[in-house]
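Visitor: Sharing a structure below in structure tokens format, with a few things to ask.
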Amino acid sequence: MEQRLQKLIAAAGLCSRRRAEKWITVGRVCVNGTVASLGQSADPLRDDITVDGKPLRLPDQKRYLLLNKPRGYVCTLSDEKGRPTVAELVADCGTRVVPVGRLDYDSEGLLLLTNDGAWLHRVLHPKYEIEKEYHVTVTGQIDGAAERLSQMCDVDGEPIRPARVSMLHSRDRTATLSVTIHEGKNRQIRRMCAAAGLQVRRLCRVREHRLCLGDLPTGTWRELTAEELRDFNEG
């Protein structure tokens, strides 16, 4: 059945219909080897539709990705300041996926992305209390740092649930802490560290629930296995 090209492109998860119209207008879309025109329709079962020379694939399954996010990337699909986005790192996955939660620009590590909206909302819902573990390298007042952080009940006047904190290793005035939280309040761990007299040098998320980052290279992604997804869903 023929449908408008912008509708097909949006259904494939590449972008919104409005943006698809712009892609068509500037000649990024072809049908059967010919540059498409705005308003044109096509049948995905009969016609060869390409975007930037790549075949258009309509989604036939949900996708669940684990990305090792580097520093210097924002967790959005586009950025008004022109900064690199995590969408660029997973552009070769073949469909449009969105981040499940966020890591700030200067943070790194485990980031989930999906095109399954129901799963995304389930993972983010507070009632499921998904644990998130971070390895945080700090300088400053490291003596007793784990105890101070674990005893915090508010940060900047905002109530927080106590974190589970342990010292992984320390040397001179530098330490690496394991910090586990259930919440995801804006820059929570950085704000906690500042209140405890600590300067964050590195913040890396290494685990969500029982899903670990492992040795996945920085800037690369992989699919969750069926077992990992089942374990994540069963809690």
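The values are calculated or read from the model by the stated rules, or taken from the named source; none is laboratory data. All of these numbers come straight from a predicted model, not from anything done at the bench. Positions of Cβ are generated from backbone atoms using ideal geometry, with glycine treated the same way; all protein chains shown enter the neighbour counts.
Visitor: Checking the structure you have, find out if any residue of the stretch 168-188 is surrounded by 14 or more Cβ atoms within 10 Å (Cβ to Cβ), farther than 17 Å from Trp221 by Cα, touching a residue at least 24 places away in the same chain (Cβ under 8 Å) and touching a Leu at 6+ places or on another chain (Cβ under 6 Å).
Guide: Looking for residues that are surrounded by 14 or more Cβ atoms within 10 Å (Cβ to Cβ), farther than 17 Å from Trp221 by Cα, touching a residue at least 24 places away in the same chain (Cβ under 8 Å) and touching a Leu at 6+ places or on another chain (Cβ under 6 Å), one finds at least one in the stretch 168-188, hence yes.
Visitor: Please enumerate the residues belonging to the stretch 190-214 that are under 24 Å from Val100 (Cβ atoms), among the aliphatic types (A, V, I, L, M) and outside any strand (DSSP E or B).
Guide: Met192, Leu213
Visitor: Another question about this same structure. Pick from the stretch 15-59 the residues that are assigned to a loop (DSSP other than H, G, I, E, B) and of a type in the set (Lys, Arg): which of them is surrounded by the fewest Cβ atoms within 10 Å (Cβ to Cβ)?
Guide: Applying the filter and picking the extreme gives Arg46.
Visitor: Among the residues in the stretch 51-58, are any of a type in the set (Val, Ile, Thr) and free of Cβ contacts under 8 Å to residues at least 40 places away in the same chain?
Guide: no
Visitor: Can you confirm whether Leu45 is outside the structural domain of Leu120 (by TED's automatic domain parsing), under 27 Å from the mean Cα position of the chain (by Cα) and modelled with pLDDT under 90?
Guide: No: the conditions fail for Leu45.
Visitor: Within the group Asp172, Asp231, which residue is on the phi > 0 side of the Ramachandran plot and at pLDDT below 90?
Guide: None of the other options fit; the residue is Asp172.
Visitor: Enumerate the pairs (first residue in the stretch 68-93 and exposed (fewer than 13 other Cβ atoms within 10 Å of the Cβ); second residue anywhere and among the aromatic types (Phe, Trp, Tyr)) with beta-carbon separation below 7 Å, excluding pairs fewer than 6 apart on the same chain, so at least 6 apart or on different chains.
Guide: Once the first residue is exposed (fewer than 13 other Cβ atoms within 10 Å of the Cβ) and sits in the stretch 68-93, its partners that are among the aromatic types (Phe, Trp, Tyr) give Gly72/Tyr105.
Visitor: So if I check each of Glu133, Glu147, Glu158, Glu183, which one is of a type in the set (Asp, Glu) and in contact with a helix residue (DSSP H, G or I) (Cβ under 8 Å, 6 or more places away or on another chain)?
Guide: Matching residue, one of Glu133, Glu147, Glu158, Glu183: Glu183.
Visitor: Go through (1) within 30 Å of Leu89 (Cβ to Cβ); (2) exposed (fewer than 13 other Cβ atoms within 10 Å of the Cβ); (3) not β-branched (Val, Ile, Thr) one by one and return the number of the condition Lys62 breaks.
Guide: The number of the failed condition is (2).
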